[in-house]
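Reviewing the structure listed below.
The values are calculated or read from the model by the stated rules, or taken from the named source; none is laboratory data. The model shown is predicted, which means the values in this text are computed figures rather than measured ones. All Cβ positions, glycine included, derive from the backbone under ideal geometry; neighbour counts span all protein chains shown.
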Amino acid sequence: MSTYKVTNLDCPVCAAKVEEGLRKFPGVKSASIDFATLSLRLEAEDHEAALAAAARLEPGLAFEKSAGPLAPAIEETGEYKPRREAALLGAALALAVAGWVLAPLFGRLGAPRLSLALYLAAWVLAGWNVALGAARELLRGQPLGELFLMTVATIGAFALGEYEEAVGVMVFYKVGELLQESATLKSRRSIRALLALRPDSAQVRRSGAWVRVAPEEVAVGEEVLVRPGERVPLDGEVLEGSGSVDTAAMTGESVPRAVGLGDAVLSGFIVRDAALVVRAQKSAGESSAARIVELVENAAHAKAPTERLVARFARYYTPAVVGLAAAVALLPPLLFRGQGFADWGYRALVMLVISCPCALVVSVPLGYFGGLGGAARRGILVKGANVLDALAEASVVVLDKTGTLTRGVFELRAVESATPGGEDALLALAASAESRSTHPAARALVAAAEKRGLSLAEPEGLAERAGKGIEAQAGGRALLVGTALFLAERGVALPPAAFREDASGATMVHAAVDGAWAGRFLLGDELRADAAEAVRRFRAAGVRRVEILSGDAEAPVRAAAEAVGADWAAWELLPEDKLRRLEALIAEERARNPRGKVLFVGDGINDAPVLARADCGIAMGGAGADVAVETADAVLMTDEPSRAAEAVERAKRTRTIVVQNIVGALAVKVAFLALGAAGEAPMWVAVIGDVGVALAAVLNSTRAMR
């Protein structure tokens with residue numbers, strides 16, 4: 001799969017036509033053109049042949065292979081020059097006014113054709129490039145293109161003696177195009193700002209001096225200097241300096257974050273008040289900013305079913321309207337006496353003016369991209385318009401507990417040893433067994449042992465069972481550390497004291513030494529501040545059911561479910577148990593509501609299978625495992641579960657905007673078609689309606705970015 005920057009592409013209908021043509025070209029496995037970012041994603045056996053075919057479909061297109069982010073390509077394109085266009089339109093309008101004002105004088109002088117000459121000059125100034133484009137469309141065998149139809153309509157008006165209207169229609173059309181192009185470019189600039197997270201250079205310490213190089217040339221472990229006002233070029237940790245960073249571009253959080261020695265900083269952060277020296281921990285291609293840019297660019301090509309439906313509709317809409325216009329021009333004069341061809345021909349020309357589906361074809365993808373971009377600004381990375389549609393239809397939400405609803409940072413609250421006074425010895429053994437594990441509970445035991453100054457033995461024969469516990473040998477003892485079920489499966493007899501509940505809902509981790517139960521550890525994990533708010537917002541967004549699935553013990557899961565207001569909760573689940581419950585929920589929801597979607601929000605490597613199976617999976621990317629982030633359909637750059645609810649809210653708002661564009665554009669076009677056929681709409685009103693609805697749809701699409 002390769003990505004290409006596309007230039008000289010200024011028509012969304014043309015983009016859809018080229019994309020469809022490429023998909024039918026032999027050897028092309030997939031092709032996607034995104035008009036918002038002016039990019040082409042192509043997978044083909046012969047890329048050169050496929051690109052040549054695309055250029056034949058739309059002469060003038062140019063393709064440049066992209067080796068980095070597409071942001072620099074999102075600029076004014078083609079021959080669009082607003083100042084020149086405005087000057088030409090001004091001159092055309094002046095000539096048209098002169099022709100209208102001087103027409104009586106020319107009539108008295110016996111030279112009425114001078115007025116016609118002024119109108120023709122005005123038409124040429126306003127629409128020379130439209131007529132040129134129409135000629136190209138005709139030579140390519142495309143007589144139903146927008147430019148050709150607009151040219152035919154205005155020439156027809158001249159033939160019927162409607163000189164003022166012919167010029168007025170062309171001027172209004174070009175003014176509308178000018179405004180529409182400006183609005184589209186504004187959207188693209190917003191997208192460019194979103195993609196411009198990575199700085200172009202970095203200052204790295206080499207041979208005792210600071211040298212400015214490209215971020216791609218910085219190796220992991222090198223030291224990078226970031227001055228106030230500059231973006232951090234690579235993920236790393238602070239070696240020198242302290243101050244604050246602006247994280248809004250990455251997380252959507254505008255509150256400055258204080259950083260100092262040893263703190264982690266991500267690429268894309270902006271240093272505010274003091275220079276920092278950062279040791280690079282990831283290469284430029286693997287940095288957080290690079291991941292965001294890649295996700296946003298990929299999202300542009302993951303199109304929603306609505307986009308493809310509109311593209312298919314556009315292929316039939318224009319021919320149908322042209323056929324209807326031909327019927328209006330010919331049938332009444334042929335079938336009914338007293339009906340003139342001039343009157344019905346004029347009505348048909350009015351219908352041709354509004355036969356282009358540009359308002360639909362450009363506004364729908366811009367609406368979706370606005371939704372994707374607006375979410376990304378808030379640290380919510382949605383991997384495509386199809387994912388936005390799934391989020392908008394979420395009816396059931398399943399939440400993980402540890403690391404999602406809770407902070408995922410356990411603290412040891414108490415040690416209960418089967419041997420009186422043996423708490424420290426038991427903690428040292430358990431921490432030794434867990435010293436190589438990355439599980440939050442394991443880290444809590446190791447941290448508590450280090451805090452107490454206990455010495456840890458090197459573990460041997462490690463065998464970790466996901467969701468259950470760990471088996472190891474340390475200090476000459478056979479150790480089992482994990483859930484009560486895990487110990488029971490290994491033949492350990494647990495006394496009644498092992499099952500005594502803790503009033504605070506603490507998580508229990510049991511330990512066995514040499515096959516005998518030796519005690520348990522009580523670990524506390526706090527709910528995130530916005531956990532209850534997340535559930536409330538899910539419900540307000542139309543989610544009918546919220547469940548919690550967790551591998552933790554019953555007491556802490558029950559406590560969390562009651563605190564946030566979940567409908568149902570299950571505990572002590574292995575990854576495969578979560579998967580089975582999720583599949584049952586999906587089947588149940590399909591039977592109840594075929595369009596309803598089941599959403600899963602979680603983090604960590606154990607959640608990857610469930611994230612992949614859900615209709616839509618959201619990974620807590622702030623501290624989540626990379627495999628979960630890669631598997632999920634959407635990624636949160638912060639550890640706030642309320643951002644998952646915000647993703648659903650934004651998806652619903654984006655869907656509303658897209659529907660508004662579709663319904664509004666179709667309603668206006670149908671209304672003007674009816675008025676034109678009835679002879680109640682002059683041509684200049686029709687062109688205002690056509691370009692006006694396109695402009696309104698584009699401007700409405702930009703609301704999704706906010």
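For segment 248-259, filtering for residues that are surrounded by 13 or more Cβ atoms within 10 Å (Cβ to Cβ) and either over 27 Å from E646 (Cα atoms) or not basic (K, R) (or both) leaves 8. Being outside any strand (DSSP E or B), hydrophobic (A, V, I, L, M, F, W, C) and surrounded by 18 or more Cβ atoms within 10 Å (Cβ to Cβ) is the filter here, so list the residues in segment 215-247 that pass it. Scanning segment 215-247 gives V218, V232, L234.
Taking V564 as the residue in question, decide whether it is in contact (Cβ under 8 Å) with a residue 12 or more places away in the chain, more than 20 Å from E411 (Cβ to Cβ), β-branched (V, I, T) and touching a Phe, Trp or Tyr at 6+ places or on another chain (Cβ under 8 Å). Spelling it out, it is not the case that V564 is in contact (Cβ under 8 Å) with a residue 12 or more places away in the chain, more than 20 Å from E411 (Cβ to Cβ), β-branched (V, I, T) and touching a Phe, Trp or Tyr at 6+ places or on another chain (Cβ under 8 Å).
Which ones in segment 413-449 are of a type outside the set (G, A, S), in a helix (DSSP H, G or I) and free of Cβ contacts under 8 Å to residues at least 24 places away in the same chain? Result: V446, single match.
Give the residues of segment 271-284 that are among the aliphatic types (A, V, I, L, M) and at pLDDT below 90, sorted by residue number. It would help to see each step written out before you state the result.
Step one: of segment 271-284, the residues among the aliphatic types (A, V, I, L, M) are 271, 274-278, 280, 284.
Selection gives A274, A284.
Being touching a strand residue (DSSP E or B) at 6+ places or on another chain (Cβ under 6 Å), crowded, with 21+ Cβ neighbours inside 10 Å and among the small types (G, A, S) is the filter here; which residues of segment 473-490 pass it? Scanning segment 473-490 gives a single hit, G482.
For segment 404-416, the set of residues classified as among the acidic types (D, E) and either modelled with pLDDT under 90 or closer than 14 Å to A457 by Cβ (or both) consists of E411 only.
Here L666 meets the list (1) modelled with pLDDT of 80 or more; (2) not assigned by TED's automatic domain parsing to the domain that holds C358 almost entirely, failing just condition (2).
Out of A327, A342, A311, which single residue is assigned to a helix (DSSP H, G or I), without any contact (Cβ under 8 Å) to a residue 40 or more places away in the chain and among the aliphatic types (A, V, I, L, M)? Talk me through it step by step, then tell me what you get.
Working: A342 fails: without any contact (Cβ under 8 Å) to a residue 40 or more places away in the chain; A311 fails: without any contact (Cβ under 8 Å) to a residue 40 or more places away in the chain.
Selected residue: A327, the only one of A327, A342, A311 that is assigned to a helix (DSSP H, G or I), without any contact (Cβ under 8 Å) to a residue 40 or more places away in the chain and among the aliphatic types (A, V, I, L, M).
Conditions tested, residue by residue: (1) surrounded by 16 or more Cβ atoms within 10 Å (Cβ to Cβ); (2) among the aromatic types (F, W, Y); (3) modelled with pLDDT under 85.
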{"residue": "A418", "(1), (2), (3)": "yes, no, no"}
{"residue": "R436", "(1), (2), (3)": "no, no, no"}
{"residue": "S455", "(1), (2), (3)": "no, no, no"}
{"residue": "G461", "(1), (2), (3)": "no, no, no"}
{"residue": "A466", "(1), (2), (3)": "no, no, yes"}
{"residue": "E471", "(1), (2), (3)": "yes, no, no"}
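When A311 is tested against (1) on the phi > 0 side of the Ramachandran plot; (2) crowded, with 17+ Cβ neighbours inside 10 Å, exactly one condition is not met: (1).
Wholly within segment 488-592, which helices (runs of 4 or more DSSP H) include no fewer than the required count, namely at least 3 residues that are of a type outside the set (D, E, K, R) and within 26 Å of A433 (Cα to Cα)? Correct list: 554-564.
Taking the listed residues P357, P333, P305, the one that is surrounded by fewer than 20 Cβ atoms within 10 Å (Cβ to Cβ), in contact (Cβ under 8 Å) with a residue 40 or more places away in the chain and either within 30 Å of V245 (Cβ to Cβ) or not β-branched (V, I, T) (or both) is P305, with no other qualifying.
Considering segment 103-114, and only residues there that are at pLDDT below 85 and assigned to a helix (DSSP H, G or I), the residue that is farthest from T154 (Cα to Cα) turns out to be R108. On the given criteria, is D400 assigned by TED's automatic domain parsing to the domain that holds G596, buried (at least 24 other Cβ atoms within 10 Å of the Cβ), in contact with a Lys or Arg (Cβ under 9 Å, 6 or more places away or on another chain) and not aliphatic (A, V, I, L, M)? In short, yes. Here is a check on your reading of the model: is A274 assigned to a loop (DSSP other than H, G, I, E, B), touching a Ser or Thr at 6+ places or on another chain (Cβ under 8 Å) and surrounded by fewer than 23 Cβ atoms within 10 Å (Cβ to Cβ)? The answer is yes for A274. Tallying residues that are of a type in the set (G, A, S), modelled with pLDDT of 90 or more and in contact with a helix residue (DSSP H, G or I) (Cβ under 9 Å, 6 or more places away or on another chain) within segment 195-213 yields 1.
Among the residues here, D615 qualifies as of a type in the set (D, E), under 21 Å from the mean Cα position of the chain (by Cα) and surrounded by fewer than 24 Cβ atoms within 10 Å (Cβ to Cβ).
When the test is whether a residue is over 15 Å from G367 (Cα atoms) and β-branched (V, I, T), V610 passes it.
Test S395 against the stated conditions and say whether it is closer than 30 Å to G542 by Cα, touching a residue at least 40 places away in the same chain (Cβ under 8 Å), of a type in the set (S, T, N, Q) and not assigned by TED's automatic domain parsing to the domain that holds A304. Explain how you work it out, then say what you get.
On the way: closer than 30 Å to G542 by Cα: yes; touching a residue at least 40 places away in the same chain (Cβ under 8 Å): yes; of a type in the set (S, T, N, Q): yes; not assigned by TED's automatic domain parsing to the domain that holds A304: yes.
For S395, the condition - closer than 30 Å to G542 by Cα, touching a residue at least 40 places away in the same chain (Cβ under 8 Å), of a type in the set (S, T, N, Q) and not assigned by TED's automatic domain parsing to the domain that holds A304 - is met.
In segment 38-72, the residue that is nearest to the chain's Cα centre (by Cα) out of those that are at pLDDT below 85, more than 30 Å from L125 (Cα to Cα) and part of a helix (DSSP H, G or I) is A71. With respect to A608, determine if the residue is surrounded by fewer than 18 Cβ atoms within 10 Å (Cβ to Cβ), closer than 30 Å to R539 by Cβ and of a type in the set (G, A, S). The answer is no for A608.
Inside segment 669-691, residues that are without any contact (Cβ under 8 Å) to a residue 60 or more places away in the chain and under 23 Å from G367 (Cα atoms) make up a count of 1. For T154, the test of being crowded, with 16+ Cβ neighbours inside 10 Å, assigned by TED's automatic domain parsing to the domain that holds A91, β-branched (V, I, T) and at pLDDT below 70 is failed.
Quick grid of which residues meet (1) touching a Cys at 6+ places or on another chain (Cβ under 7 Å); (2) at pLDDT 90 or above; (3) of a type in the set (D, E):
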residue: G221; (1), (2), (3): no, yes, no
residue: G229; (1), (2), (3): no, no, no
residue: E237; (1), (2), (3): no, yes, yes
residue: D246; (1), (2), (3): no, no, yes
residue: E253; (1), (2), (3): no, no, yes
residue: E286; (1), (2), (3): no, no, yes
residue: A290; (1), (2), (3): no, no, no
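Which one of these is more than 30 Å from A264 (Cβ to Cβ), surrounded by fewer than 24 Cβ atoms within 10 Å (Cβ to Cβ), of a type outside the set (D, E, K, R) and under 21 Å from the mean Cα position of the chain (by Cα): T702, T638? Show your work before the answer.
Details: T638 fails: more than 30 Å from A264 (Cβ to Cβ).
Testing whether each residue is more than 30 Å from A264 (Cβ to Cβ), surrounded by fewer than 24 Cβ atoms within 10 Å (Cβ to Cβ), of a type outside the set (D, E, K, R) and under 21 Å from the mean Cα position of the chain (by Cα) leaves just T702.
Within segment 24-37, restricting attention to residues that are of a type outside the set (S, T, N, Q) and part of a strand (DSSP E or B), the residue that is surrounded by the most Cβ atoms within 10 Å (Cβ to Cβ) is I33.
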